[in-house]
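Notes follow once the structure below has been shown.
Every read-out reported here was derived from the displayed coordinates using simple, explicitly stated rules and does not represent laboratory data. All figures in this text were calculated on a predicted structure; none of them were measured in a lab. Using ideal geometry, Cβ is built from the backbone for each residue, glycine included, and neighbour counts are taken over all protein chains shown.
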Amino acid sequence: KAGVTQTPRYLIKTRGQQVTLSCSPISGHRSVSWYQQTPGQGLQFLFEYFSETQRNKGNFPGRFSGRQFSNSRSEMNVSTLELGDSALYLCASSLEGIDTGELFFGEGSRLTVL
Amino acid sequence: AQRVTQPEKLLSVFKGAPVELKCNYSYSGSPELFWYVQYSRQRLQLLLRHISRESIKGFTADLNKGETSFHLKKPFAQEEDSAMYYCALRPLNDYKLSFGAGTTVTVRA
């Protein structure tokens, strides 16, 4: 069974640009959640989607957005990039939802903002 | 708002010695607690959750609501236990997972 796949794995952007990250969950999983991982802040929850609906959002500015498609694949977008957005962005999928607790993580997309 | 605190960034123990990773949380309601682990060059994965009350790879964790703690323990550490460990909290009836800053465990031979 293929795991959670995130693309691209690495990317470099400049301030002011925007970026889109993609996440393909494990087949059959309906929930996708996103996290930002930085050395200083650790893992921070961005948002969770279940059957195309965003059920919760973390404390991030409106520049961070996401969506989920009917096939459960998800994308997150960050507009007007700032230096502080440099991080590893992790996606996790779950069969029934984040409330079951068993999340399966991808390898992450490492974003560097120059 | 909920908060998870892991006071130790680094923990070094000898093989065969007991190991305890501390996790304290602040949340006014009833939470669900988890421990996640990331081994070198592997993905973050669930180690255990408090509701299952299982022992995974020799690790156990007890939820102490009075002390608002969920410490992870293993009586005899092994070299393969060297990893990064994260404590996480989910409020019941909510769809948000809050992680602690993580503890890096090194088990020395």
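Numbers for the structure displayed
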quantity	calculated
Long pairs among A:57/B:74; B:22/B:57; B:22/B:65; B:15/B:73, criterion Cα-Cα beyond 25 Å	A:57/B:74
³J(HN,Hα) computed for each position of the range A:39-45 - Karplus, 6.51 cos²θ - 1.76 cosθ + 1.60, integer Hz, glycine/proline x	x, x, 9, x, 9, 10, 5
Potential extension, residue B:17-residue B:64 segment - 0.36 nm per residue separation minus Cα distance	14.6 nm
Under-5 Å amide H pairs with residue B:47, H placed in peptide plane, nonlocal only	B:35, B:36, B:37
Rounded FRET efficiency, nearest 0.05, which uses the C-beta distance separating residue B:10 from residue A:73 and R0 of 25 Å	0.10
Estimated FRET transfer efficiency when R0 is 25 angstrom, pair residue A:54-residue B:26 (beta carbons, to 0.05)	0.45
Amide H contacts of residue B:82 (H built 1.01 Å from N, under 5 Å, at least 5 apart or other chain)	B:107
Chain A, relative contact order in percent, only Cα pairs under 8 angstrom and at least six apart counted	37
Shielding score for B:44-52, defined as the mean number of other chain Cβ atoms within 10 Å	3
